[in-house]
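The values are calculated or read from the model by the stated rules, or taken from the named source; none is laboratory data. None of these values were measured; they are calculated from a predicted model. All Cβ positions, glycine included, derive from the backbone under ideal geometry; neighbour counts span all protein chains shown.
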Amino acid sequence: MSEKICVIGTGYVGLVTAIGLSDFGNHIIGVDVDTAKIENLKKGISPIYEPGIEEYLLRNLKSKRLEFSNDIDESIRKSTVIFIGVGTPSLKSGEADLSQVISVTDTIAENLNEYKIIVTKSTVPVGTNQMIIDRIKSKTDKTFDVVSNPEFLREGKAIIDFFNPDRVIIGCKSDKARKIMEDVYRTLRINQTPFVWCNLETAELIKYASNAFLATKITFINQIANLSEKIGADVHLVAKAMGMDGRISQKFLHPGPGYGGSCFPKDTRALANIGNRLNVDMSLVKEVIKANENQKLFVAEKIRKCYKNNNIKTVAILGLAFKAETDDMRESPSIVVINELLKDNLIIKVNDPKSMDNAKIIFGDKIKYFENEFDAVKDADLLIILTEWNEYRNIDINRIKKLMNGNIIIDTRNILDGKELEKMGFKYIATGR
Ligand code: UGA
């Protein structure tokens with residue numbers, strides 16, 4: 001495509017979008033206000049841990065289709081298509097904080113030297129794209145179009161998801177913008193990726209509805225897991241059999257310590273808030289939010305019962321990130337669980353392959369950090385698995401047995417083989433089975 005594109009924001013969404021679009025053959029400028037971040041990106045160093053990202057970053061830098069800049073004004077002026085990929089975190093009220101989106105919108109308006117398409121990639125509440133249109137119109141007479149193009153990237157799988165999306169959603173009112181967007185995504189269109197063309201509001205809602213539905217599915221199976229534990233059922237077989245019904249599907253029916261991350265918690269709260277604002281009953285989503293908070297506490301309580309009954313003092317925790325393959329600790333269940341355990345003055349020894357630096361910011365010296373999982377487990381009375389990293393799935397159990405002081409393992413993700421562990425003399429406590 002001949003049009004120049006800039007992507008504002010080099011966080012998870014912005015950076016993966018910039019790299020991915022560049023790999024499709026587009027010419028991209030990745031823009032951020034953070035100078036250090038941009039300097040590193042120019043050298044091929046990614047600010048986030050994401051499997052495969054640096055390989056794609058280097059490849060596209062080398063091809064000269066991808067460049068990075070701190071100069072937001074100039075990057076906007078030079079570009080015809082401007083992707084907004086900045087953060088929209090939760091405010092205390094649960095509403096999405098749109099301050100970064102608004103600030104970028106104003107900068108775009110100031111630099112609107114010719115027709116441009118402004119594409120919102122950030123997850124924004126229904127009505128935000130119209131607000132962007134109104135705001136720019138109030139500041140300039142230049143022509144432009146606004147397009148809503150929500151992202152569906154999972155952290156840890158963002159690169160794979162970018163190149164193999166289940167669908168691409170494009171909310172767009174104008175034919176001119178549609179033609180250019182078709183060009184931007186030419187590679188995916190050739191590959192037969194389904195495209196959904198709709199209005200701005202529909203695109204905005206598809207994103208929130210998708211995330212809230214997935215969060216509901218997880219919360220549902222977590223409650224079924226808790227019930228399974230009480231009645232002696234196996235939640236994995238329940239989920240598997242449920243999923244054999246094509247209408248349900250097996251995906252996102254893995255029980256665990258509750259969903260976390262930067263998306264589901266924030267987006268469910270924002271959807272509940274949209275309902276409040278527009279006086280529409282969103283009670284189901286509100287219950288999901290509450291039930292997910294309870295799930296984290298339920299897991300903490302299960303652990304507490306175990307150590308109170310067994311007079312345990314030292315606990316090893318493997319896994320801190322909200323899921324595997326990421327260094328992200330945002331709203332991770334481990335935060336709630338560890339804070340609960342700290343109330344009982346336990347010695348807590350932790351390991352995580354990627355998120356220990358982030359954990360140090362949260363817990364400081366209240367817990368003990370170990371670069372190696374075996375050092376974390378040494379002398380522990382109880383071992384708890386909180387994140388489903390592959391290195392823990394295949395952990396050397398014989399070595400663990402020799403190192404641990406006690407013999408109890410609580411596996412909140414069901415990644416270990418309970419039968420084998422019990423044969424070896426462990427007391428294995430699984431989730432929902
Ligand atoms: C999620 C969505 O999956 C993406 O499609 C979406 O684009 C993204 O949010 C976003 O809005 O940007 P992400 O938060 O990276 O992606 O992670 P997920 O893989 O969806 O997992 C979210 C949480 O649910 C994790 O804590 C995970 O452990 C938990 N989970 C997931 C379960 O407990 N059980 C499951 O079966 C699946």
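Details
- For the stretch 401-433, a residue qualifies if it is within 19 Å of Asn310 (Cα to Cα) and either outside any loop (DSSP other than H, G, I, E, B) or of a type in the set (Asp, Glu) (or both), and the qualifying residues are Lys401, Leu403, Ile408, Ile409, Ile410, Asp411, Leu421, Glu422, Lys427, Tyr428, Ile429.
- The selection criterion, being of a type in the set (Asp, Glu), away from the ligand (no atom under 11 Å from the Cβ) and touching a residue at least 60 places away in the same chain (Cβ under 8 Å), does not hold for Asp267.
- The number of residues in the stretch 357-392 being out of contact with any helix residue (DSSP H, G or I) (no Cβ under 7 Å at 6 or more places or on another chain), farther than 23 Å from Glu155 by Cβ and not in a loop (DSSP other than H, G, I, E, B) comes to 5.
- Beta carbons closer than 6 Å, at least 6 apart along the sequence or on distinct chains, pair a first residue in the stretch 1-21 that is at pLDDT 95 or above with a second that is assigned to a strand (DSSP E or B) and within 16 Å of the ligand (Cβ to nearest atom) for Val7/Phe83; Ile8/Ile84; Gly14/Val7; Thr17/Val7; Thr17/Phe83; Ala18/Val7.
- Filter pass, Ile159 being more than 16 Å from the ligand (Cβ to nearest atom) and in the same structural domain as Leu188 (by TED's automatic domain parsing): no
- Number of positions in the stretch 113-128 that are in contact with a helix residue (DSSP H, G or I) (Cβ under 7 Å, 6 or more places away or on another chain) and more than 22 Å from Cys198 (Cβ to Cβ): 1
- Enumeration of residues in the stretch 201-221 that are buried (at least 18 other Cβ atoms within 10 Å of the Cβ), small (Gly, Ala, Ser) and away from the ligand (no atom under 11 Å from the Cβ): Ala203
- Once the stretch 222-243 is narrowed to residues that are closer than 23 Å to Pro333 by Cα, charged (D, E, K, R) and in a helix (DSSP H, G or I), the residue that is farthest from the ligand (Cβ to nearest atom) is Lys230.
- Count of residues meeting criterion [within 16 Å of the ligand (Cβ to nearest atom) and of a type outside the set (A, V, I, L, M)] in the stretch 1-45: 7
- Subset tally (residues that are surrounded by fewer than 21 Cβ atoms within 10 Å (Cβ to Cβ) and either of a type outside the set (Val, Ile, Thr) or within 12 Å of the ligand (Cβ to nearest atom) (or both)) for the stretch 342-352: 5
Per-residue answers, yes or no, for (1) within 24 Å of Lys323 (Cα to Cα); (2) of a type outside the set (Asp, Glu); (3) modelled with pLDDT of 95 or more:
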{"position": "Glu201", "(1), (2), (3)": "no, no, yes"}
{"position": "Lys207", "(1), (2), (3)": "yes, yes, yes"}
{"position": "Ser210", "(1), (2), (3)": "yes, yes, yes"}
{"position": "Phe213", "(1), (2), (3)": "yes, yes, yes"}
{"position": "Ile221", "(1), (2), (3)": "yes, yes, yes"}
{"position": "Ser228", "(1), (2), (3)": "yes, yes, yes"}
{"position": "Asp234", "(1), (2), (3)": "yes, no, yes"}
{"position": "Ser249", "(1), (2), (3)": "yes, yes, yes"}
{"position": "Pro265", "(1), (2), (3)": "yes, yes, yes"}
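- Among the residues of the stretch 291-329, those that are more than 10 Å from the ligand (Cβ to nearest atom), assigned to a loop (DSSP other than H, G, I, E, B) and among the charged types (D, E, K, R) comprise Lys313, Asp327.
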